[in-house]
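Below is one structure, written out as structure tokens; comments come after it.
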Amino acid sequence: MNEMLRQYYLTQLGVTRWLPQGGIDDQSALAASLSDVSCAPVAPVQDRTTDSDVDAAWETLREQVQICTRCPLNQSRTQAVFGVGNRQASLMIVGEAPGYHEDRQGEPFVGRAGQLLTAMLASIGLSRERVFIANVLKCRPPNNRDPQAAEVAECKSYLNRQIELVQPRLLLAVGRFAAHCLLDSTQALSRLRNQTHHYGERQTPLIVSYHPAYLLRNPKDKGKAYQDLRQVTQLLRQSENQSG
Ligand code: SF4
């Protein structure tokens, strides 16, 4: 990605430079920090090869989700929103649940929050097509209410299976619900950020950040989200280097 395009995406996000590691809590500190931090281009992340057996497993899982009636959300959905992206992606992004637009279009992270997520990915040299994106819940809660524990309990196995099939090098949980679901935690999002967690038997590294919908309501936290994205980039590079 050329520098002009990168700057365009950063401007869309209200951020003009990468943030240094270590935490920035107020806007004056943020402004001071931006002046001496370069916006180095991010090298593309290499993805892994495919497997026909895995492809068949994907189709089975997709069919199960499309006809699922495990929880009452099946009665109010337009359609189940399975997930989208590269099934061999290095980075898998997990959100909360479909909203109005996602329910109508059958794809996660569309609408304004989706546009912001796309811009965030573009700013670190990734496209939506190169990552895999899924939600904890595959069906929209009415009026976009919070997911209920029973719904998460019924649906979580689908997400677990998706992660098992993708085998990402890194998981990015955006928002409190995704973080709580993947980490089996009830801690505040602010306490879960700024550290590398690990998920499942494979101990896949996991980073927690803000949900794009939250960032639209609270643009002052976009700078912190960029700290998280920088951490994502570093961990992906480390993983590539370790695997040769
Ligand atoms: S939210 Fe999940 S468990 Fe509930 S009906 Fe949809 S796919 Fe099934």
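Before moving on, here are some points about what is shown:
- Stokes-Einstein D for region 170-210, Kirkwood Rh over Cα pairs, 25 °C, 0.890 mPa s (µm²/s): 249 µm²/s
- Equivalent ellipsoid semi-axes - Cα gyration tensor, region 68-137, angstrom: 23, 13, 8
- Scaled to the globular estimate 2.2 N^0.38 Å, the Cα spread of region 121-231, given as radius of gyration, is 1.06.
- Cross-link partners of K156 among lysines, defined as those whose alpha carbon lies under 22 angstrom from its own and excluding same-chain residues fewer than eight positions apart: K138.
- Diffusion of region 58-208 by Stokes-Einstein, at 25 °C in a medium of 0.890 mPa s and with Rh set to the Kirkwood radius over alpha-carbon pairs, works out to 159 µm²/s.
No value in this document is a laboratory result; all are computed from the given coordinates. Predicted model, so just to flag it, every value in this text is computed and none were measured.
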